[in-house]
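Take a look at the structure below.
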Amino acid sequence: MTTEHARPRVAVSSCLLGCPVRYNGGHSRDRFLAAELSGYVDWVPICPEMEIGLGTPRETLRLERSPEGPRLVTRRSHADLTTPMTSLAAERAGSLDVDGYVFKAKSPSCGIHGVPLYSGEGVADRRHRGLFAGPVMDAHPLLAVEDEGRLRDAGLREAFVERIFAAARLRALLSGDWRPRDLVAFHSRHKMQILAHAPEAYRGLGRLVAAAGTAPHEPLAREYGLAFRVALARKATVGRHVNVLLHCLGMISERLDRARRADLVEVIASYRAGEVALSVPVALLRHHARGEGAAYVGGQSYLSPYPDRLRLRNHVAA
Ligand code: SF4
């Protein structure tokens, strides 16, 4: 069973793809999402305000403080839309089957952080989530979630894309008729990627895989899937990347002559020092691993976690 080319399924605030669903009939098309990522993922566009029956153009909405918590209210006519929006959020959250979600920043429905809460005419605070996004995030705490503003940060963008592709491969494996050897192969292929995020989780995942031949399939798949997604949600630090790169180098170093080995060591040191992007040592390692027929290292998802053409590892880590 191959999971290598699984396409992530990603929910997205419709306006970010250019759909004319905003209050004024316009959109908020995001170039990275609509032009670059679109070729590699299957979008699930959702506009909660349209789904609760508001058309375009419509009144703008805002969150207002109340003793029961934030309420979603139209600015001019003060219609309270809290109940339809929270019901929709519960319904959508219950049936959501995606590998990630990109929300529109700052929206009182879709915002994932920093949404202003009004009290009278003033802003009481700006720490809120939209009335649709909040319950969806609470229902799916391990889902890769971002907004288009945060995705302008190169590190956050890379981390998000890496997670949705890993989640898609996992989904492709576990939704099929997998056999224990498929899980072993998946785990083995993701070893370096897991180590770059959560080295302490790798052993626990390995214990689950070791039981694959005897344990009941469904609970095992649930447990492995959960632990895998928890591991990938941890931040991959420069230090962990360096450990992984050296680990990979160790596995192919006997096949390399002294000059090529020294070259790789130097490039890894330059990455550690913040002089070159992660793409540089990774590309060199992949080139040598595959050129030397080192199948185990060359086949690691760490070396190709998503399509190269997205060029996401080209920033120098701070
Ligand atoms: S931010 Fe959300 S609710 Fe507003 S237009 Fe975009 S998708 Fe619709």
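Here, each number is a calculation from the coordinates, and none is a lab measurement. It should be emphasised that the depicted structure is a prediction, and the values quoted were computed from it without experimental measurement. Here the Cβ positions follow ideal geometry from the backbone for every residue, glycine too, while neighbour counts run over all protein chains shown.
Structure summary
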{"read-out": "Residue-count net charge about residue 240 - beta-carbon cut-off 12 Å; Lys, Arg +1, Asp, Glu -1", "value": "+2"}
{"read-out": "Inter-label distance, nm, simple model (7 Å from Cα along the C-beta direction), residue 77/residue 295", "value": "6.7 nm"}
{"read-out": "Estimated FRET transfer efficiency (residue 211, residue 311; beta-carbon r; R0 45 Å; 0.05)", "value": "0.70"}
{"read-out": "Relative exposure of 49, 121, judged by other C-beta atoms within 10 Å (fewest first)", "value": "121, 49"}
{"read-out": "Karplus-derived HN-Hα couplings along the stretch 58-72 (A = 6.51, B = -1.76, C = 1.60, θ = phi - 60°), whole Hz, x at Gly and Pro", "value": "9, 5, 6, 10, 8, 8, 10, 6, 8, x, 8, x, x, 10, 9"}
{"read-out": "Dipole in debye (nearest 20) - the stretch 154-318, about Cα centre, beta carbon charges: Lys, Arg +1; Asp, Glu -1", "value": "200 debye"}
{"read-out": "10 °C / 1.306 mPa s Stokes-Einstein diffusion coefficient of the chain, Kirkwood radius on C-alpha pairs, µm²/s", "value": "74 µm²/s"}
{"read-out": "When the stretch 108-151 is reduced to its Cα atoms, the Kirkwood hydrodynamic radius in Å", "value": "11.1 Å"}
{"read-out": "Helical segments meeting 15 Å axial Cα length and Kyte-Doolittle 1.0 threshold in the chain (DSSP H)", "value": "238-252"}
